[in-house]
Amino acid sequence: MSKSNKTGHIKKEALLQALEKTLGVVTSAVKQVGLARSTYYEWYNEDEVFRRAVDDISTIEIIDKIEYTY
């Protein structure tokens, strides 16, 4: 893995952690890690692994909200 790939991977991991902390709110998450929203959407649209991870976070947040309601 090249240095730029490692850096990108680290940033994606940081963004995924921020998405978990912000309950999937993209604007808040990208601000926490210092990225543009466009970067998030570029990664989401172009990286299948990243997209699945984001979708998993979103699913968990929906389930948590449903459970909290009941």
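The values are calculated or read from the model by the stated rules, or taken from the named source; none is laboratory data. Keep in mind it's a predicted model, so treat the numbers as computed, not measured. Ideal geometry is used to build each Cβ from the backbone, glycine not excepted, and the neighbour counts take in all protein chains shown. All accessible areas refer to the heavy atoms of the entire protein, side chains included, with ligands and DNA or RNA removed. Shrake-Rupley method; radii C 1.70, N 1.55, O 1.52, S 1.80 Å.
Each label was represented as a point 7 Å from its Cα along the Cα-to-Cβ direction; for Arg51 and Lys3 these points are 3.1 nm apart.
Accessible surface of Ser38, taken over heavy atoms with a 1.4 Å probe and every protein chain present, rounds to 80 Å². Partners of Lys21 within straight-line reach, counting lysines whose Cα lies under 16 Å from its Cα and excluding those fewer than 8 residues away in the same chain: Lys11, Lys12, Lys31, Lys65. Among Val49, Val30, Val25, the order of accessible area from largest down is Val49, Val25, Val30, computed with a 1.4 Å probe on protein heavy atoms. Working from Cα pairs under 8 Å separated by at least six residues, relative contact order for the stretch 1-44 is 26 percent.
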